[in-house]
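The block underneath contains the structure these notes are about, expressed in structure tokens.
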Amino acid sequence: MVLFKLSTSQTCPLCPRVDSALHILSGCQHTQIRNMITERHNLAYRMIFKAISKTGSLGSCVVFMDIGSNERMAIQNLQIPEAAESRIVFKWLFPPRFSDLDRFTSSRPNFVLVTPISAKTRKQQTTAGGWVLWSGRGQLRETGSTQAAPPATNPRQHRPKDLSKPQRDIHLVEIKYCEDTRPQNQLNAAKEQHKELNYIFQGASITLHIILLGVGGTIYNTHTLKPFKELGLDS
């Protein structure tokens, strides 16, 4: 507002936070503005989900989504996939004795996809000489005995829930709006937000895909286009 000479104060006229372009487009806590910002975010999430489910190669692998209400999805002619759940992550992704209370209150990415174990993951397991859990931060987390890596899953066993723990590659997708010229803050926030899921989810590998969108329309090669390609979308 100061930039446009509509105010002499650095404080937002609608809420007690410091005003800025990022605040106006993605951070104001005034109820009406906050609802508009939330719906703008959810609209982007639904567009990305539509691309993954309709045109990507991993649409049938989506098992969870947190992208707004069913009514809003219907407006865009979208529906929850048969193998997926909305708002609450499936119990079979957590350890057997993990409580429902903890499951309901754990962090929730925008999407969770479960794919059959990849050749890359099997190679990592074999190279390490044991059973390896690979974190989204690129670190070896845990090794077990020196048994061979599990075999590739049967192509006919395509339903994510049918995959056993050693056969699952779990992909967490988090989408965030960020400052057009400084994406690092939101990148770090996304990593911290879902850090615990790296150690909780039951799978052969867990990868966090962070998709960043600039509030002013910036599309990043590294933080936007690269994650899309990793999720099965082409150019």
Point to revise | Count of segment 1-46 residues which are assigned to a helix (DSSP H, G or I) and among the charged types (D, E, K, R) | key: 4
Revision key, fill the gap. Of (1) within 25 Å of PRO166 (Cβ to Cβ); (2) surrounded by fewer than 16 Cβ atoms within 10 Å (Cβ to Cβ); (3) within 22 Å of the chain's Cα centre (by Cα); (4) of a type outside the set (Asp, Glu), ARG97 satisfies every one except (3)
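Looking at segment 8-16, is at least one residue closer than 23 Å to ASP234 by Cα, at pLDDT 85 or above and of a type outside the set (Ser, Thr, Tyr)?
Step one: list which residues in segment 8-16 are closer than 23 Å to ASP234 by Cα, which gives none.
Among the residues of segment 8-16, not one is closer than 23 Å to ASP234 by Cα, at pLDDT 85 or above and of a type outside the set (Ser, Thr, Tyr), which makes the answer no.
Please indicate, with yes or no, whether at least one residue in segment 35-55 is modelled with pLDDT under 85, surrounded by 15 or more Cβ atoms within 10 Å (Cβ to Cβ), of a type in the set (A, V, I, L, M) and within 30 Å of ASP234 (Cβ to Cβ).
Filtering segment 35-55 down to residues modelled with pLDDT under 85 leaves 53-55.
Add one more test, that the residue is surrounded by 15 or more Cβ atoms within 10 Å (Cβ to Cβ), and what stays is 53.
Now narrow it down to the ones that are of a type in the set (A, V, I, L, M): none.
The answer is no, given that none of the residues of segment 35-55 is modelled with pLDDT under 85, surrounded by 15 or more Cβ atoms within 10 Å (Cβ to Cβ), of a type in the set (A, V, I, L, M) and within 30 Å of ASP234 (Cβ to Cβ).
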**Study point:** Residue that is nearest to ARG159 (Cα to Cα) [pool: residues in segment 47-92 that are under 15 Å from the mean Cα position of the chain (by Cα), in a helix (DSSP H, G or I) and not charged (D, E, K, R)]
**Key:** CYS61
Review point. Which one of these does LEU3 not meet: (1) at pLDDT below 80; (2) surrounded by fewer than 17 Cβ atoms within 10 Å (Cβ to Cβ); (3) within 24 Å of SER106 (Cα to Cα); (4) among the hydrophobic types (A, V, I, L, M, F, W, C)?
Key: (3)
Practice item. All but one of (1) within 25 Å of LEU43 (Cβ to Cβ); (2) modelled with pLDDT under 90; (3) surrounded by 14 or more Cβ atoms within 10 Å (Cβ to Cβ) hold for ALA74, so report the exception by its number. Key: (3)
Exercise for review: With the condition kept exactly as written, say whether any residue in segment 112-123 is at pLDDT below 55, outside any loop (DSSP other than H, G, I, E, B) and over 24 Å from GLU174 (Cα atoms).
Suggested key: no
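For residues in segment 12-33 being farther than 15 Å from LYS176 by Cα and under 24 Å from the mean Cα position of the chain (by Cα), which is surrounded by the fewest Cβ atoms within 10 Å (Cβ to Cβ)? Show your work before the answer.
From segment 12-33, those farther than 15 Å from LYS176 by Cα are 12-21, 24, 28-33; that's our starting set.
From what is left, the residues that are under 24 Å from the mean Cα position of the chain (by Cα) are 28-29.
On the way: CYS28: 20, GLN29: 13.
Of everything passing the filter in segment 12-33, GLN29 is surrounded by the fewest Cβ atoms within 10 Å (Cβ to Cβ).
Okay, residues lined up against (1) without any contact (Cβ under 8 Å) to a residue 40 or more places away in the chain; (2) out of contact with any strand residue (DSSP E or B) (no Cβ under 8 Å at 6 or more places or on another chain):
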| position | (1), (2) |
| --- | --- |
| GLN32 | yes, yes |
| HIS41 | no, no |
| ALA44 | no, no |
| LYS50 | yes, yes |
| GLY68 | yes, yes |
| GLU85 | yes, no |
| SER106 | no, yes |
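The values are calculated or read from the model by the stated rules, or taken from the named source; none is laboratory data. Only a predicted model underlies this, so the values are computations on that prediction, with no experimental measurement involved. Ideal geometry is used to build each Cβ from the backbone, glycine not excepted, and the neighbour counts take in all protein chains shown.
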